[in-house]
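Chemist: Following this message is one structure expressed as structure tokens.
The values are calculated or read from the model by the stated rules, or taken from the named source; none is laboratory data. Model, not experiment: these values are computed from the prediction. In this analysis, Cβ positions are derived from the backbone assuming ideal geometry, glycine residues included, and neighbour counts consider all displayed protein chains. Areas reflect the complete protein model, heavy atoms only, side chains present, ligands, DNA and RNA absent. Shrake-Rupley method; radii C 1.70, N 1.55, O 1.52, S 1.80 Å.
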Amino acid sequence: MKKTIIYLFGLLMVSAAFMACDDPYADQFVAEPEVNEQGPIQSADGFTFALGSGVSSAVVLADADLVAAKALEVVKATATPQLADGAFLKYKVEVSDTKDFINVIELPAVSANNAATVNAVDLNETVKTLFGKAPFAREVFIRATPVLIDGDTKVQLTTHPVFGPVLVTPVGMVIETEYYLIGDLNDWNINDLEVFKFSHSGKDVYEDPNFSILVNTMLNADGNGYFKIVPKSSKDAASWTGVLGNPVDGNTALEGELIIENSKAMRVTEPGWVKITLNMMEYTYKIELIGEVVQTLYMPGGYQGWTPATAPTVFTRNLDFKYEGYVNFQESTEFKFTEQPDWDGTNYGDGGDGTLSTTGGNLSVAEAGYYKVNVDLSGNPYTYSLVKTDWGLIGSATSGGWDNSTPMTYDPAAKLWTVTTTLKAEEFKFRANNGWDINLGGDMNNLNYGGDNIKVTEVGTYLVTLDLSNPAAYKASIVKQ
């Protein structure tokens, strides 16, 4: 037996298992290695290990590193016992986000000169897998399992040194949490962008990098529709630094790339509704010329025989793709939204977690009741919500004053909420669920949320009705008995 292995037998003080297989990392290792405390230099079995030069200081990966498949030395032996000619160390290299290595990813490694190197591409993907795609500095821990190879004989050392934390910043585009539209439609006013904010799903922007906005005509009075994209940091600073555009000035293409340096304005040339979608992971944009807006969505379901033509509807008053209405479900049931009073148009079903999908299954309501329904098709993803409501009167004209609602009763045949009650010559409003989140006032023929108080001219007993059956205009009446 060669003197290298004899030396290690005495040094390791274990029954070393010799393996003639090609894979030095098989299950037949000598023993479960002991994990050392992480540090810059570690010694065991006559070997001394240290962090490699590629990660001994903070690593900030760049596109050039990935293109060139840059090799990064991650661990090396700085001292070894006397080895026979041709004997060398081969390493298994693992990375984790914690020093206890609960989450572990093995990195492909190349061993040479008693050191191990990894590819920048592999390290970049490993860090993003452990932490997500954000290009932020991350603390990683590196574990090396050294195996001494002498010809066909392989022996794993009784230690595998752990180093860290090591700072690694993966390659990736910086994605901000908010983006805004600026251009001819708002006179390029960077100080007034709130109403031109792109919508987003609210998820981690590196998991969902898509932002979208709906605008009713991009053109100003002169017919110009030039625009750019303002990230939150630029908006907050009221600065043009960092504003995104296209390499081509006045580009009218419906798709293109976004750049920052020397960016030019893109252009929409047609009036009507326009949807702009950004993919900030790819730094691209897409323009959809929508034209007219479908104002009504139908709600067919099991509660009414799945007949779109006779189904309740939700309506968009502001032509902004945000729909609302009220539906009485007399039992738990399933339903969908449709754009036409039949099944020939676009249908919206369950996309999961309060979202809608044009390929989704039926939506459902678990409990009977009178529901406020909202649908938002203006952003990404499409969403909907259902809020069960019970209505009443509130105000100085009522017996409960401004503290307690006078309950109303719903008549499903008449589709009306009603109450007969004594009112003072004061004021009142309608509100749902004994709270102020949903309240109606103002014009009795076109009630609005948060509208003005409704005046009662003289004391008396009144039949008060609330009609929410037509989402285009909510109405009420007050008739003295």
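Chemist: Nearest 10 degrees is fine. How inclined is helix 120-131 to the longest principal axis of the chain, computing both from alpha carbons?
Modeler: Taking Cα atoms only, the helix is inclined about 50 degrees.
Chemist: Give, in nm to one decimal, the length gained when the segment between Thr284 and Trp240 is fully stretched (0.36 nm per residue of separation minus the Cα-Cα distance).
Modeler: Details: separation 44, 0.36 × 44 = 15.84 nm, distance 1.93 nm.
Between Thr284 and Trp240, full extension yields 13.9 nm more.
Chemist: Another question, then. If packing is taken as the mean number of other Cβ atoms within 10 Å per residue, what is the order of 79-86, 59-66, highest first?
Modeler: Numbers: 79-86: 12.2, 59-66: 15.6.
Result, highest mean Cβ count within 10 Å first: 59-66, 79-86.
Chemist: With label points built 7 Å along Cα→Cβ from the Cα atoms of Asp208 and Asp222, find their separation and express it in nm.
Modeler: Using points 7 Å along Cα→Cβ, the separation is 3.9 nm.
Chemist: Looking at the square roots a ≥ b ≥ c of the eigenvalues of the Cα gyration tensor of the stretch 401-446, which shape do they give, rounded for a/c under 1.5, prolate if a/b is larger than b/c, or oblate?
Modeler: It is rounded, given that a/c, with a ≥ b ≥ c, falls under 1.5.
Chemist: Taking Cα pairs under 8 Å and at least six residues apart, what relative contact order does the stretch 244-322 come out at, in percent?
Modeler: Over the stretch 244-322, the number comes to 21 percent.
Chemist: Keeping the other protein chains in place, figure out the carbon and sulfur percent of the accessible area of the chain, with a 1.4 Å probe.
Modeler: Taking all protein chains in place, the chain shows 47 percent carbon and sulfur surface.
Chemist: Taking the Cα centre as origin and putting +1 on Lys and Arg beta-carbons and -1 on Asp and Glu beta-carbons, what dipole magnitude results for the stretch 328-480, to the nearest 20 debye?
Modeler: Charge dipole of the stretch 328-480: 500 debye, to the nearest 20.
Chemist: Further question: Treating the Cα atoms of the chain as identical point scatterers in vacuum, please give the log10 of the normalised Debye intensity I(q)/I(0) at q = 0.07, 0.08, 0.09 Å⁻¹, two decimals.
Modeler: Evaluating at q = 0.07, 0.08, 0.09 Å⁻¹ gives log10 I(q)/I(0) of -0.64, -0.74, -0.83.
Chemist: With a point put 7 Å past each Cα toward its Cβ, work out how far Phe101 is from Thr346 in nm, to one decimal.
Modeler: Distance between the two pseudo-spin positions: 5.2 nm.
Chemist: Something else about it: Could you give the distance between the Cα centres of the stretch 433-448 and the stretch 160-186, to the whole Å?
Modeler: Going from one Cα centre to the other spans 44 Å.
Chemist: Here is a follow-up. By how many nm would the segment from Asp390 to Thr78 lengthen if fully extended, with 0.36 nm per residue of separation less the alpha-carbon distance?
Modeler: Once the chain is fully extended between Asp390 and Thr78, it gains 104.7 nm.
Chemist: In degrees, nearest 10, range 0 to 90: what is the angle between the Cα axis of helix 3-12 and the longest Cα principal axis of the chain?
Modeler: Its long axis makes an angle of about 60 degrees.
Chemist: Report the extension gain between Val60 and Asn404 in nm, rounded to one decimal, defined as 0.36 nm multiplied by the number of residues separating them, less their alpha carbon distance.
Modeler: 117.7 nm
Chemist: For the chain, with the dipole built from +1 on Lys and Arg beta-carbon atoms and -1 on Asp and Glu ones, taken about the Cα centre, which of Thr316, Thr277, Gly291 lies farthest toward the positive end?
Modeler: Result: Thr316, furthest along the dipole toward the positive end.
Chemist: Can you compute the modelled spin-label distance between Leu463 and Asp443, with each label point 7 Å from Cα toward Cβ, in nm?
Modeler: It works out to 2.6 nm between the two label points.
Chemist: Taking the Cα centre of the stretch 110-206 as the origin and placing charges on Cβ (Lys, Arg +1; Asp, Glu -1), which of Val118, Val140, Thr153 is farthest toward the positive end of the dipole?
Modeler: Selected residue: Thr153.
Chemist: Could you order the peptides 139-148, 397-406, 421-430 from most to least packed, using the average number of other C-beta atoms within 10 Å per residue?
Modeler: 139-148, 421-430, 397-406
Chemist: Using a/c under 1.5 as the rounded threshold, could you call the stretch 192-290 rounded, prolate or oblate? The axes a ≥ b ≥ c are square roots of the C-alpha gyration tensor eigenvalues, and prolate needs a/b larger than b/c, oblate otherwise.
Modeler: rounded
Chemist: May I pose another question? Using packing as a proxy for protection, rank 256-263, 159-166 so that the peptide with the highest average count of other Cβ atoms within 10 Å comes first.
Modeler: So the order, starting with the most tightly packed, is 159-166, 256-263.
Chemist: I would also like to ask the following. With θ set to phi - 60° and the Karplus curve 6.51 cos²θ - 1.76 cosθ + 1.60, what are the ³J(HN,Hα) couplings of the stretch 392-404 in order, to the nearest whole Hz, using x for Gly and Pro?
Modeler: x, 9, 9, x, 5, 6, 9, 5, x, x, 8, 9, 10
Chemist: Sticking with this one: Please compute the contact order of the chain in relative form: average sequence separation of alpha-carbon pairs under 8 Å and at least six residues apart, divided by the residue count, as a percent. Write out the running numbers ahead of the final one.
Modeler: Values: 1164 pairs, mean separation 40.0, N = 481.
Normalised by residue count, the contact order of the chain is 8 percent.
Chemist: Take the residue pairs Lys133/Lys197; Lys203/Lys475; Lys228/Lys322; Lys203/Lys429; Lys70/Lys154 and return only those whose Cα atoms are more than 31 Å apart.
Modeler: Cα-Cα > 31 Å for Lys203/Lys475; Lys203/Lys429; rest within.
Chemist: Moving to a separate point now. Can you tell me how the stretch 400-479 classifies by the Cα gyration tensor, rounded, prolate or oblate, using a/c under 1.5 as the rounded cut?
Modeler: Cα axes put the stretch 400-479 in the rounded bin.
Chemist: For Asn362, which sequence-distant residues (separation of 5 or more, or a different chain) have an amide H within less than 5 Å of its own amide H, given hydrogens modelled in the peptide plane?
Modeler: The list, which skips near neighbours in sequence, is Asp350.
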